[in-house]
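Here, each number is a calculation from the coordinates, and none is a lab measurement. It should be emphasised that the depicted structure is a prediction, and the values quoted were computed from it without experimental measurement. Every residue, glycine as well, gets a Cβ built from its backbone with ideal geometry; the counts of neighbours run over all protein chains shown.
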C-alpha cells in the first residue's frame, strides 16, 4: 500500500478540536513532523498510532482513516 | 513540545557534523593510503595529510563525546520516546537501505576496477566504510528534513 491509497481527515478533525499539530503530537507522543507527514499523506502510521490519533480526536479510527478507490473507500461521517 | 523540536534539530545538526568530520578524517586517511599506493613522496603533502588526519581525528573524538552527552541528556528527558517515534524509525530504516544499496553498487564498481588495477584491501575497506557511515547519517538527516508538505497551525 502507498500513502496515496490511505485517505485521512486528520486536518479537519484536528481543526474541529482546535488542536495544533504540535498539541496533537504531544497528546499521542510523537513529533510534530510525524503528524505533519501523516496529515499530508507522506507517511502511513502504524495501527497503534492510528488508534491513538482516533482516541485523541474522539472518533472511531475508520472515521479518521479510509481507503481510496475501492471497497471501504468512503469515509464514514 | 518546543523542546522536542529543539532536540530533533540538535540531533540533525550533530549527525551532520559527525558525518562531515568523519568524511574529512577518513578521507584524509584514504588520501594517505593513495599517496602510499602511488609511491608519491612529496614530504610537504604527506605531512599535510598526516596533520589533517590527526586534527580531524581529534575533532571527531570531540564531536563523538558531545553526541554521547547529548544522547544522555535525551535519555534523561521526558521526550526520549518521542524522539525515536515511528517516523524516525521509518527514516532510519530507509537511510540504512539507501546506504546498503550504495555499498553494494560501490562493491560492484570496485570489483570491475580490480580487473585493471589491483587495489589494496585496506583502501577498499576504507572506501566502503566511509560510504556506509556517511551516507547513512546524511540520508537520515535528509529524510528528517524532507516531506513537510505544509505546516499546519
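Treating the Cα atoms of segment B:1-65 as identical point scatterers in vacuum, please give the log10 of the normalised Debye intensity I(q)/I(0) at q = 0.18 Å⁻¹, two decimals.
Rounded to two decimals, the profile gives -0.68.
Enter the angle in degrees (range 0 to 90, nearest 10) between the Cα long axis of helix B:86-113 and the first principal axis of the Cα atoms of chain B, meaning the one along which they spread out most.
10
Report, in degrees rounded to the nearest 10, the 0 to 90 angle that the Cα long axis of helix B:121-145 makes with the longest principal axis of chain B.
Taking Cα atoms only, the helix is inclined about 20 degrees.
Just need the relative contact order of segment B:24-153 here, percent rounded to a whole number, with Cα pairs under 8 Å and 6+ apart. Before the final figure, lay out each step's value.
Details: 62 pairs, mean separation 40.2, N = 130.
Dividing the mean separation by the residue count of segment B:24-153 yields 31 percent.
Mind giving me the FRET efficiency for residue A:18 and residue A:55? R0 is 22 Å, r the Cβ-Cβ distance, nearest 0.05 is fine. List each step's numbers first, then the result.
Working: r = 17 Å, r/R0 = 0.77.
Approximately 0.80, to the nearest 0.05.
Percent relative contact order of segment A:14-54, based on C-alpha pairs within less than 8 angstrom and at least six residues apart? Walk me through the numbers before you get to the answer.
Values: 23 pairs, mean separation 11.6, N = 41.
The value is 28 percent.
For the protein assembly as shown, what is the mean residue ellipticity at 222 nm derived from helices alone (per DSSP H run of n ≥ 4: -39500 (n - 2.57); sum divided by total residues; nearest 500 deg cm²/dmol)?
Working: 10 runs with 164 residues, N = 230.
After summing the helix terms and dividing by residue count, I get -24000 deg cm²/dmol.
Could you state, as a whole-number percent, how many of the C-alpha pairs of chain B are farther apart than 26 Å? Intermediate values should be presented prior to the final figure.
Working: 4737 of 11628 pairs.
Result: 41 percent of Cα pairs exceed 26 Å.
How far is it, in nm, from the label point at residue B:142 to the one at residue A:63 when both lie 7 Å from their Cα along the line to the Cβ?
4.2
Using all C-alpha to C-alpha distances in segment B:72-153, build P(r) with 5 Å bins and read off the rounded percent in each one.
3, 13, 16, 16, 15, 12, 9, 7, 5, 3, 1, 0
With r as the distance between the Cβ atoms of residue B:38 and residue B:10 and R0 = 35 Å, compute the FRET efficiency 1/(1 + (r/R0)^6) and round to 0.05.
On the way: r = 42 Å, r/R0 = 1.19.
Rounded to the nearest 0.05, the efficiency is 0.25.
Quick one: helix B:2-37 against the long Cα principal axis of chain B, what's the angle to the nearest 10°, folded into 0 to 90?
Tilt relative to chain B: about 0 degrees.
At a Förster distance of 22 Å, what's the computed FRET efficiency of residue B:110 paired with residue B:48, Cβ-Cβ distance as r, to 0.05? Provide the component values of the computation, followed by the final result.
Details: r = 27 Å, r/R0 = 1.21.
That pair, residue B:110 with residue B:48, gives E of 0.25.
Quick check: convex hull over the Cα atoms of the protein assembly as shown, volume per residue in Å³, rounded to an integer? Walk me through the numbers on the way to the answer.
Values: hull volume 33.4 nm³, N = 230.
That works out to 145 Å³ per residue.
Quantify how much of the Cα-Cα distance distribution of segment B:95-138 extends past 11 Å, in percent. Provide the component values of the computation, followed by the final result.
Values: 594 of 946 pairs.
So the pairs more than 11 Å apart make up 63 percent of the total in segment B:95-138.
Alpha carbon centre of segment A:19-42 versus segment B:31-92: separation in Å?
Measuring centre to centre over Cα atoms gives 32 Å.
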